1. Being open to solvent by 50 Å² or more (accessible area, probe 1.4 Å) and among the aliphatic types (A, V, I, L, M) is the filter here, so list the residues in region A:179-192 that pass it.
2. Only one of B:Val240, B:Val307 is open to solvent by less than 10 Å² (accessible area, probe 1.4 Å), within 14 Å of chain A (Cβ to nearest Cβ) and farther than 29 Å from A:Leu92 by Cβ. Can you tell me which?
3. From A:Ile80, A:Ile97, A:Ile104, A:Ile61, grab the single residue that is part of a helix (DSSP H, G or I), within 14 Å of chain B (Cβ to nearest Cβ), of a type in the set (Val, Ile, Thr) and surrounded by fewer than 21 Cβ atoms within 10 Å (Cβ to Cβ).
4. Can you tell me which residue within region B:34-45, out of those that are part of a helix (DSSP H, G or I) and either free of Cβ contacts under 8 Å to residues at least 24 places away in the same chain or within 14 Å of another protein chain (Cβ to nearest Cβ) (or both), is nearest to B:Leu206 (Cα to Cα)?
5. Among the residues of region A:138-154, are any in a loop (DSSP other than H, G, I, E, B), surrounded by 13 or more Cβ atoms within 10 Å (Cβ to Cβ), modelled with pLDDT under 90 and within 14 Å of another protein chain (Cβ to nearest Cβ)?
6. Among helices (runs of 4 or more DSSP H) lying entirely in region A:216-301, which contain 2 or more residues that are within 14 Å of chain B (Cβ to nearest Cβ), within 17 Å of A:Asn34 (Cβ to Cβ) and not hydrophobic (A, V, I, L, M, F, W, C)?
7. From the list B:Leu291, B:Leu284, exactly one residue is closer than 22 Å to B:Asp12 by Cα, surrounded by fewer than 18 Cβ atoms within 10 Å (Cβ to Cβ), of a type in the set (A, V, I, L, M, F, W, C) and touching a residue at least 60 places away in the same chain (Cβ under 8 Å). Which is it?
8. Those residues that are facing chain A (nearest Cβ under 7 Å), over 22 Å from the mean Cα position of the chain (by Cα) and open to solvent by less than 40 Å² (accessible area, probe 1.4 Å), I need them from region B:117-155; list them, please.
Amino acid sequence: MIPPLLMSFSVYASLITILAIGYTLTYIISHIPNFAHGTYAGLGIYTTYTLTRVMRFNPYISCPVGFVVGGIMGLILYIIVIKTLRMMGGSLIVLTIATLAIQITMDALINIYATFLRIRTESWAFMFVLKLNDFKWLGYQGIFPVSLLLCITIVIILHLFLTRTKMGIAMRATSENVELAQVVGIDADLIQMLSWFITGGLASLSGTLFPLWFECNPSTANRLINVTMAGSLFGGINNIYGAIIGGFFVGATEIIGTTALMYLFGPIVGEYRYMIPLVVVILVLLLEPQGVPGIIKRIRDSTKFASLYSRRRKW
Amino acid sequence: MVESTLVRSIIDIAMFFGLYVILAMALNFQFGNGGVPNMGSAVSVAFGGYIVSAFILRLIFWIGQGANIELGPDWVYDNIHNVDMMTVFFKEHALLGISLFVLALTLGLVLGTLFGYIISFPAIKLQGTYLMITLIAMSEASQVIGRNYVPISGGTLGVRVPNIFSFYEGDRSLLLAIITLSIGIVVFFIFSTMINSPYGRLIRALRENETTLNSTGKNVTGIRRNLLMFSSGITSVVGVLIVFYFSYSTSSIYMMSTYTFWPWLMLLVGGAGNNAGTFLGALLVISIRRLIIIFKWELTEFFWFPVAFLENILLGALLLVTMIFKPNGLIPEKSLYIPGLKYYKLIRESAPVSWRVSHERRSLLDIIQFWRRKERLKSEE
């Protein structure tokens, strides 16, 4: 029997990992921290709500629908905002402020949509959890195996896509050097569009599964961006595989760490749960901006390790 | 009734214009001139507010206990009773009220500067987007701490602050609006002299090229820290004024969108880099925003959703539209005018260039000017 705390951690960490992978991919390809990334998850959350509560479908149908909705949203935002600003020579700071503006606007639109749902369908769209609509698997909630399997599948597919397909290799080339990639004949604009579609879709896909375990409201998405950023930064913001470590680390600190501290210091610690990702962000940026890969590199470069290495190589 | 609404709206807009123009000028000093993207002005504003709610309010109650006023024991639940008693007390002690206000402003400036030193630790290492992420995380953290740690700002209930201007019979908000606008004028003169000083040229060099500045032997991290410290102090003063205007302090009034994104919008609409643009942007944006808030009831008849969301859409959409269609703002940055510097000496050519050698076709006027200048230079010699 798996304890519910571990199940909660597994679901949360898998979904955060999917978000962090998308965030990292955006940072690698476009070099901007996309503050609107969490808001894509809000789109996914309300896709699930609409399809499950209003249209009475199975909640898992919203996974592909949410992917397409989030992907199209990401594509539209790229074409209308990011591409235009970049053509005009906007600096990285301007682009980042643009993503913040997108976050504010999309957050307001999601709130308006929730109001619309509440008025139109007379359902409580401002605070909901869809645990009852989930199926049971060996006595567990269905979301527990599904989220973990989905996370692993996405990691494997993305790995194969980036290393085996022509498009993925072109994407990696563009992330290294845009001008050189264009010289070889890669359509950099197409790569950017594809990456924005994939990241938007992945974030929205992760969001579609949130209401099946956690209580959701329109501002959940705003909070998720902090957690995503913490995971991505912990894994080194330039490393997709680091995002997996980061996502699971932040999930563990937020769920297991808070519970452990609550046992030690009393329930007052539970209020400060939202501080944990923020503290992780600040500490990582202050101590080691490169995250886990930076720490590994530092250990590898340290004199002790180097002397060990050289002793073996002496012969 | 209509007149009073009009007067109230004008006072309200004036007060908020004063508050936001200080915020926007501080951002203009940091981003427009120094190139440091400070997304954490909400932290400093919250810090200024917490100074009043955590320190000045306790001082006021301590004074009240010394004056034998019966105050309730609990800091949050007896707050309204205590505040009423103290407001009556300040009716007869005008000098005490004014000195407490001045003390609050001074503490805001001094402690805000010290707080700026603390939040500038990331600025020593980080730059650009990383700094933005850190400061945004800090503003959210300040909200979480203020909401859950009751002694700072009364937790979720918040605390009221007594009216220390109760000796004044008329409209208190008019008094505060005048004070805020005069502080704004002082801040404007401080910033414009700083920008025109040698140090101002130094921070402009930091914005243009950091590596070059570093290579000339200037301490780049030190300059950046000074920028953040100075602006943080001035931004904390805004927080102090806000608490006295609202007579209320709770963590959720120092929202990131209110005190970080709206000032950024003003800065970008008006045009980063010059204070005239900042004034124009602040006036435009504040008028739109306060009018939406004042006529909220009339607007709700047109929209079926709460107008607060309309405000957020307006904020985001205006930011995007400004950045796409007017990237330099309404008043673009001009080259700096430094009083006392003789510009014509910088521009004047030392050796006359023959127009026959030049590849460009010159007009007759140019030729005449050329010969005239040549003669003038000869005569000077």
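1. A:Leu180, A:Val183, A:Val184, A:Leu190
2. B:Val307
3. None of the other options fit; the residue is A:Ile80.
4. Per the criteria, the residue is B:Ser41.
5. No: zero hits.
6. A:220-234
7. Every option except B:Leu291 fails the conditions.
8. Answer for region B:117-155, where residues must be facing chain A (nearest Cβ under 7 Å), over 22 Å from the mean Cα position of the chain (by Cα) and open to solvent by less than 40 Å² (accessible area, probe 1.4 Å): B:Leu126, B:Val144, B:Asn148.
The values are calculated or read from the model by the stated rules, or taken from the named source; none is laboratory data. It should be emphasised that the depicted structure is a prediction, and the values quoted were computed from it without experimental measurement. Methodologically, a virtual Cβ is constructed for each residue, glycine included, from the backbone with ideal geometry; neighbour enumeration extends over all protein chains shown. Each accessible area value is taken on the protein alone, full model and side chains, heavy atoms only, with ligands, DNA and RNA left out. Shrake-Rupley method; radii C 1.70, N 1.55, O 1.52, S 1.80 Å.
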